[in-house]
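Read the structure below first, then the notes.
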Amino acid sequence: MESPLVISDEVRQATADGRGVVALESTIFSNLGLPSPANQEALIRCIGAIEDAGAVPALTAVLDGVPRVGLAPAEHERILGPATKLAERDLGVAMAQGWAVGATTVSASAALAAGAGVAVFATGGIGGVHRGNAVSGDVSADLGAIARHPVTTVCAGAKSFLDLGKTVEQLETLGVPVLGYGTDTFPAFYGRSSGIPVPHRVDGPEEVAAIVAARRSVQPSAGGVLVAVPIPEADALPQVELDEALDAALAAAARDGLTGAAITPFVLAHMAQVTEGRSVPANLALAENNASVAAQIATELAGR
Ligand code: PSU
Ligand code: MN
């Protein structure tokens, strides 16, 4: 049976030409990730960063029930509008039910990237183990997807309101190599460090490419690698302010009885409100930086 996955001509051509391709998730660019018009700015900056580094961007989404890797510029505005959050578990449902705009999370994007043979994927922050998960059982499907799919995911750590210690532990349990990019600790999204050690440190794209290639050579069916890049120094928010904003956002989420997939959009919106919008430029800066690092890694990998 032919794959229903539609890969853009540009992405196909880049792959055939041995150029780097970087997949991008669509949830952060939708109304679920960033407020308008910051979401559009984020998309423009991420695409620009990938192109500046000589690679080709491949936005992932499900549009009108069709899973896509690589969207035409004219289609970008569909992602920026109202969208339905689409995790890996939802892929078949979105296709069969013909969802108009399914914004793919990290788990769904990694699955689509793998299906299209795209080796590198950039996001802002991955999902992970939620605080209080001993009661709620809330662990993002992102972790399992990163472990399973043969894609290198580039992030600024996990979303800041998660239990980062448990998230790093869970990545170890799942067998995901976590590479601190120019750092010995797991980044904390809006902040440069969580203080939690990462198992390995790398200091450039060629080091990441060498690790991915070595892993593949010894274990052809190996899953993903996670590259954790701290937010640029100038864009980081002070940790004290963050902790306070987070506590307030999480308390509000609990008070409103939010659970499951609804928590992330709520907390992100609340954080923007509590930090008087300052979490938004930080989010843009880290997403753009991740896209740039991902493009450099993709270019290195494509040249091997
Ligand atoms: N981090 C952000 N903004 C986001 C997300 C993460 O700063 O919008 C999204 C990503 O798409 C991620 C998803 O894959 O949230 C995880 O959601 P959940 O915790 O429900 O698995
Ligand atoms: Mn969840």
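The values are calculated or read from the model by the stated rules, or taken from the named source; none is laboratory data. Please read all numbers here as calculations on a predicted model, not as lab measurements. Don't worry about glycine lacking a Cβ; one is built from the backbone with ideal geometry, like all the others, and counts go over all protein chains shown. Only protein heavy atoms, including side chains, enter the accessible area calculation; ligands, DNA and RNA are left aside. Shrake-Rupley method; radii C 1.70, N 1.55, O 1.52, S 1.80 Å.
For this structure, a couple of remarks:
- Spin-label proximity, ALA72 to the stretch 35-55 - amide N less than 12 Å from point 7 Å beyond Cα toward beta carbon: none
- Three-way shape call for the chain based on the alpha-carbon gyration tensor, with the a/c threshold at 1.5: rounded
- DSSP H segments from the chain that extend 30 Å or more along their own axis, Cα-based, with Kyte-Doolittle mean of 0.0 or above: 279-302
- Structural size metrics of the stretch 1-91, computed from C-alpha coordinates, are Rg and Dmax of 13.2, 41 Å.
- Charge dipole magnitude, Cβ of K and R +1, D and E -1 - the stretch 208-304, Cα centre, debye nearest 20: 660 debye
- Difference of contour (0.36 nm per residue) and Cα-Cα distance, ALA222 to ALA134: 28.7 nm
- If you sort the three axes of the alpha carbon gyration tensor as a ≥ b ≥ c, you get a/c of 1.5 or more for the stretch 188-304 and a/b above b/c, which makes it prolate.
- Projecting the Cα atoms of PRO230, ILE263, ALA111 onto the charge dipole of the chain, computed from C-beta unit charges around the Cα centre, puts ALA111 farthest toward the positive end.
- Per the Debye calculation on the stretch 121-247 with a single equal scatterer at every Cα and no solvent contribution, log₁₀ I(q)/I(0) for q = 0.09, 0.18, 0.21, 0.22 Å⁻¹ amounts to -0.24, -0.93, -1.23, -1.33.
- Relative contact order [Cα under 8 Å, 6+ residues apart], the chain, whole percent: 21 percent
- Modelled spin labels at ASP17 and GLU51, positioned 7 Å past Cα toward Cβ, are 1.3 nm from each other.
- Range in the chain, longest, excluding exposed GluC sites (Glu not before Pro) [loop by DSSP; at most 15 other beta-carbon atoms within 10 Å]: 3-275
- Charging the Cβ of each Asp and Glu at -1 and of each Lys and Arg at +1, and nothing else, the dipole of the stretch 226-283 about its Cα centre rounds to 220 debye.
- Dipole magnitude of the chain, debye to nearest 20 (Cβ charges: Lys/Arg +1, Asp/Glu -1, about Cα centre): 580 debye
- The relative contact order of the stretch 105-237, computed from alpha carbon pairs under 8 Å that lie at least 6 residues apart in sequence, is 27 percent.
- Ordering PRO73, GLY33, ALA16 by Cα displacement along the dipole of the stretch 1-86 toward the positive end leaves GLY33 in first place; charges were set at the Cβ atoms of Lys, Arg (+1) and Asp, Glu (-1).
- Accessible surface, 1.4 Å probe, highest first, among residues MET95, MET1, MET271: MET1, MET95, MET271
- Solvent-accessible surface of protein heavy atoms, probed at 1.4 angstrom with all chains present, puts ASP163, ASP9, ASP142 in the order ASP9, ASP163, ASP142, largest first.
- Sulfur and carbon atoms: percent of accessible area, the stretch 50-202 [1.4 Å]: 52 percent
- Taking each residue as 0.36 nm, the span from GLU244 to GLU206 lengthens on full extension beyond its C-alpha to C-alpha distance by 9.9 nm.
- Overall form of the stretch 30-158 per C-alpha gyration tensor (a/c, 1.5; a/b vs b/c): rounded
- For the stretch 153-208, the per residue solvent-accessible surface stands at 36 Å², with DNA, RNA and ligands left out and a 1.4 Å probe.
- Gain on full extension, evaluated as 0.36 nm per residue between ARG89 and LEU5 minus their Cα-Cα distance, stands at 28.7 nm.
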